[in-house]
Structure formats: C-alpha cells, structure tokens
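The values are calculated or read from the model by the stated rules, or taken from the named source; none is laboratory data. Values in this document were obtained by computation on a predicted structure and should not be read as measured data. All Cβ positions, glycine included, derive from the backbone under ideal geometry; neighbour counts span all protein chains shown.
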Amino acid sequence: MANKTIEKITFKNFKAFREEQTIDFKNKNVLIYGNNGAGKSSIFWGIYTFLQSSIKTKPEVEKYFRFFDSADATTHQSLRNIFEAQAEDAYIDLTIAQGTQKTTMRISESSINTTGNTDIKLLNTTSDFINYKLLSNFYRDSHKYDVNLWQVFERDIFPYLTDNVTDETILDKIKRTTKDVPRSNNGHPTRNNSARKNNYVASVNTLNQELEVLISDIQRFANAIIKEHFFNNEDVVRVNLNFDKQFNLI
C-alpha cells in the first residue's frame, strides 16, 4: 500500500494570501525560501493551523477565519487577510494523496471537516513546528540561571505526546488529573483520608511519576542525538532536565 503524503495546500484570504493560491508539494520534501514578506510565515502558520484543527473544537478553529473587527475582542485572533471584504471566503484546503487516491479537507469559518480526523491527527502528532519564538525560550536567560522550560513543554511538547493506554494527549491528561480536588455535593473538598481523596492523591502521584519518566526519556534521547550527530560520539555538551516543582494540590 502506498504511503500517504501531503500533495498540496491551498490558501484563500489567509494572512498574506488574498487570492486563492496553491502550494504544490508534489508529494515530496520541499524547502521554501523567499524575501521578507513573501509569505513564508503564512505557509508555516497555515499548515500549523490546519494540523492543529484536528485536536480542536469547531469554535476554536472558526475564530481564525472571522472577519476582523477592532471593536470585537472575539475576532482579535483572526488570521484572515485584513484587506479583503467580509463577504469574501477565507479557507485552507489540504490534499492528502495515497497512490492515485486523493482526499481534500478544508478549514474555514463555515466548513471544518478535520476535527478528529485520524490522518490529520497523525500528521499533527508527528510534525515539528520550530520557529524563533520557540527557540528564544532556551536562550533568553543568562547562563548562570536554570531555564524554566515548563511552558515550552506545555505548549509545544505535551500536546503532541499521547498516552499509550488512553490515547489522550499528555497535556489533556495533566489538565484532567489536576483540574480540581474531589468535592462533595455542597461543593466542599472531600475529607482527608476519604476513599475519593486518597484515589485523587494517588492519581496525582502517578501523574508526577509518569512525567518524571517521560522527561528522563526526553533527556536521554536528546543527549544521545547531541553526542552522535554533533560531537562525534564524545560527551561535550549534555542536557539536564529536572521536574522539581511537581503537582501537589492537597
């Protein structure tokens, strides 16, 4: 069976693209370059927005295609081209090819057929979106200070890692486990040493242990890559990741 590949992506009224424009990848790896303002970042954010739509709700995707109104705060995250009229369509189409079979999906304000799509979710999970804003998290602090990378993990790593048993993302698992302490019918936290509270404490402790193992694995793989590919298998630079401030909500 032929592998699935991204054949092309089409933009209309999205960021730098006003008229409909198609980027044809021809099912190959491509290097995109150009002058400032040529639309490179628009392609970056278009692909990112499209793949992310597979794990977002319909309203979370629609907001990127709303007509911008400075007086309406709900439109301030819009990625529509601001020079086009409100009546103009705004969308992103992405075509996946598997041999001669082709499937085109769309995200827009009125049409979203990517939510929960397994192909797009897999592409999203296995893709790396690295830009200068992400890299600045590693370099903006003085070398004499430890760098707090929790926000980097929360925004750029945990959403792309899935639990082997439940298939939920690590970020969703963190949110679900730490959302709130168990409460009685009147809204008060349950008593200490009650079965519900003990189960909750155990689930938080399990989460901390799983995150420690995960972060340790990331450190091990990162150091192996650095050693093999950058320093001829010599230990010159090592990454040290610590999960010091663990979840403790009781």
#### Entry: Options TYR139, TYR160; residue that is of a type in the set (Ser, Thr, Tyr), under 25 Å from GLY116 (Cβ atoms) and modelled with pLDDT under 85
TYR160
### Task
Considering only region 181-197, state which residues are part of a loop (DSSP other than H, G, I, E, B) and at negative phi.
VAL181, PRO182, SER184, ASN185, ASN186, HIS188, THR190, ARG191, ASN192, SER194
### Qualifying residue in region 55-63 (condition: of a type in the set (A, V, I, L, M, F, W, C) and either more than 16 Å from the chain's Cα centre (by Cα) or more than 20 Å from SER111 (Cα to Cα) (or both))
no
### Task
Taking the options LEU207, LEU214, LEU241, name whichever one is of a type in the set (A, V, I, L, M) and within 24 Å of LEU122 (Cβ to Cβ).
LEU214
### Message
Give all pairs with beta carbons closer than 9 Å in which a residue from region 206-218 that is in a helix (DSSP H, G or I) meets a residue that is of a type in the set (D, E, K, R); count only pairs at least 6 apart in sequence or on separate chains.
### Response
LEU207/LYS173; GLU210/ASP163; GLU210/LYS173
#### Entry: Residue pairs meeting the criteria (Cβ under 9 Å; at least 6 apart or on separate chains; first under 12 Å from ILE92 (Cα atoms) and free of Cβ contacts under 8 Å to residues at least 60 places away in the same chain, in region 15-28; second among the aliphatic types (A, V, I, L, M) and in a loop (DSSP other than H, G, I, E, B))
ILE23/VAL30; ILE23/ILE32
### Message
So ASP93 ticks every box in (1) among the acidic types (Asp, Glu); (2) part of a helix (DSSP H, G or I); (3) closer than 16 Å to ILE9 by Cα but one. Which box is left unticked?
### Response
(2)
### Task
Check SER216 against each of (1) more than 30 Å from PHE44 (Cα to Cα); (2) at pLDDT below 85 and name the one condition it does not meet.
(2)
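In the set THR126, THR115, which member is among the β-branched types (Val, Ile, Thr) and surrounded by 15 or more Cβ atoms within 10 Å (Cβ to Cβ)?
Numbers: THR126 fails: surrounded by 15 or more Cβ atoms within 10 Å (Cβ to Cβ).
THR115 is the lone residue from the list that is among the β-branched types (Val, Ile, Thr) and surrounded by 15 or more Cβ atoms within 10 Å (Cβ to Cβ).
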### Task
Give region 8-63 a look and list any residue that's of a type in the set (Asp, Glu) and surrounded by 15 or more Cβ atoms within 10 Å (Cβ to Cβ), or say none.
GLU62
### Message
Can you confirm whether LYS133 is at pLDDT below 85 and in a helix (DSSP H, G or I)?
### Response
yes
